[in-house]
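Report on the structure given below.
The values are calculated or read from the model by the stated rules, or taken from the named source; none is laboratory data. Since this is a predicted model, take the numbers as computed values, not measurements. Here Cβ is always computed from backbone atoms with ideal geometry, including for glycine, and neighbour counts include all displayed protein chains.
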Amino acid sequence: MSTTTVTQIQQSSVPQAALKLRPQSDEQKNRDAKQSEYKYSHLLPAFDSQERYPPLTPFEHVDPGFRALKHANPRAFLENANVVELTPNLGTEVHGVDLLSLDSDGRDQLALEVARRGLLVFRDQQAFIDAGSESYLEWGRHFGRLHIHPTSGHPQGYPELHLVYKDENKSFNFERDESITTSLWHSDVSYELQPPGLTTFFLLAQPSTGGDTLFTSQVSTLRRLSPQFVAFLRTLKAVHSGVEQAEFSRSGKRGGVVRREPVEHVHPVIRRHPVTGEEALYVNRQFTRRILGLKREESETLLKFLYDHVDRSVDLQARLKWTPHTVAVWDNRITAHSAIVDYGESKERRHGARITPQAERPIPALDGLDLSA
């Protein structure tokens, strides 16, 4: 658990008599009533401009998938489930597994299966979603140290839970309004020294249509490239930056707070998964900024090619249509994803929670690659 320092805000010294209270409109009363009736109002985003976090420190991560490799049946947790592969390259939909009841062995097996398939989609998980914040933390800690996001909203008292939120009046998402598309492929907070591995996400409220999530296999996008080109990419490293995301918040958007100063870190362009040994492309349009050792035009041209390759490879992608009580679990090391913000005109609420355990520092596919700047 990370330390959080909060400075108490001084109470206003304006005499109460001097305050002129404006009567509440019927519209405002209706809105407040709806808010108080909302089942997950305790998980709405909270922001405190005085909240500050210290820099993250390195830690040793051992992936639980390693333990599952020693199990007699590493897929035993799926024995009584209905399992359907979403695509040949990525994604499995599962009915008949109660995530809340999985023991330690079952969670290890899940980690291994996610490493192999990239994405698992579990339906009918109301018990897991309704279990509450403490249960979410206990679940996430099995898979690694929980990440605390530097700018996003979190439930009051639970900074380890990252929230996405949009309704008719506001949005606390990292969105680019000036773009002609809402899709923005990324691997979560890849700018950290030790970015996330296995990640769990679910919606608490969703629009009646729209708000899907796209996933792509970065193992498969890499395999589509020629061997000679892949050999070159293995020699490269890139800077991933959290500066733009922090500046977005400092501009007053997304709650307007930056609790931890942004960081930039160098990662291999191709990384190796510690458990499966598979190699995956590891650049993303949202956070990767430049390739070290190349001139500016060379870096921009190469990154644009790779981003376009990820964007356009629809035969390597899976589209998750959310239904109530769905929980998605994916491996950020070998996938990228994008929210689809196509529901704005409906004025409906989309409220999601992410449990984000950190993993190891990305392992270069090329042994001995120097990751210093």
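Here are a few things to note about the model shown:
Let's see how each residue does on (1) under 27 Å from T323 (Cα atoms); (2) out of contact with any helix residue (DSSP H, G or I) (no Cβ under 7 Å at 6 or more places or on another chain); (3) small (G, A, S):
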| residue | (1), (2), (3) |
| --- | --- |
| P195 | no, yes, no |
| T199 | yes, yes, no |
| F202 | yes, no, no |
| V243 | no, yes, no |
| P262 | no, no, no |
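- Scan of the range 61-95 for residues that are of a type in the set (G, A, S) and more than 30 Å from V314 (Cβ to Cβ), ordered by number: A68, A72, A76
- Among the residues of the range 134-161, those that are farther than 17 Å from E51 by Cβ and more than 14 Å from the chain's Cα centre (by Cα) comprise E134, S135, Y136, L137, E138, W139, R141, H142, F143, G144, R145.
- Selection count where residues are surrounded by fewer than 19 Cβ atoms within 10 Å (Cβ to Cβ) and of a type outside the set (D, E, K, R), scope the range 107-136: 6
- Residues in the range 238-276 that are β-branched (V, I, T) and under 9 Å from T151 (Cα atoms): V257, V258.
- Meets criteria (acidic (D, E), part of a helix (DSSP H, G or I) and either exposed (fewer than 10 other Cβ atoms within 10 Å of the Cβ) or modelled with pLDDT of 90 or more (or both)) for E60: no
- Residues located in the range 215-250, provided they are under 20 Å from D311 (Cβ atoms), surrounded by fewer than 17 Cβ atoms within 10 Å (Cβ to Cβ) and in contact with a Phe, Trp or Tyr (Cβ under 9 Å, 6 or more places away or on another chain): E244
- For the range 211-233, the set of residues classified as of a type in the set (D, E, K, R) and either within 17 Å of H186 (Cβ to Cβ) or touching an Asp or Glu at 6+ places or on another chain (Cβ under 8 Å) (or both) consists of D212 only.
- Tabulated pairs, the range 280-306, first in contact (Cβ under 8 Å) with a residue 24 or more places away in the chain, second surrounded by fewer than 12 Cβ atoms within 10 Å (Cβ to Cβ), C-beta under 7 angstrom, 6+ apart or interchain: L292/A373
- R333 vs. criteria among the basic types (K, R) and closer than 20 Å to L86 by Cβ: yes
- Candidate set from the range 43-57 (those that are more than 28 Å from A111 (Cα to Cα) and out of contact with any Ser or Thr (no Cβ under 8 Å at 6 or more places or on another chain)); member that is modelled with the lowest pLDDT: S49
- Entry remark, the range 294-324: residues being in contact with a Gly (Cβ under 9 Å, 6 or more places away or on another chain) and in a helix (DSSP H, G or I) number 1 in total.
- Residue ID - nearest to P195 (Cα to Cα), chosen from residues in the range 224-252 that are of a type in the set (K, R), touching a residue at least 24 places away in the same chain (Cβ under 8 Å) and not in a strand (DSSP E or B): R234
- Any hit, the range 276-286, residues being buried (at least 20 other Cβ atoms within 10 Å of the Cβ), β-branched (V, I, T) and in a strand (DSSP E or B): no
- Taking the range 108-137 as the range and being farther than 24 Å from T213 by Cα and either among the acidic types (D, E) or out of contact with any Leu (no Cβ under 9 Å at 6 or more places or on another chain) (or both) as the test, the residues that pass are D108, E134.
- Residue in the range 263-275 that is surrounded by the most Cβ atoms within 10 Å (Cβ to Cβ), counting only those that are in a strand (DSSP E or B) and among the β-branched types (V, I, T): I270
Matching residues to (1) within 15 Å of H162 (Cα to Cα); (2) assigned to a strand (DSSP E or B); (3) under 16 Å from the mean Cα position of the chain (by Cα):
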| site | (1), (2), (3) |
| --- | --- |
| Y191 | no, no, yes |
| T199 | yes, yes, yes |
| L203 | yes, yes, yes |
| G210 | no, no, no |
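- Of all residues in the range 325-373, those being surrounded by fewer than 22 Cβ atoms within 10 Å (Cβ to Cβ), in a loop (DSSP other than H, G, I, E, B) and polar (S, T, N, Q) number 2.
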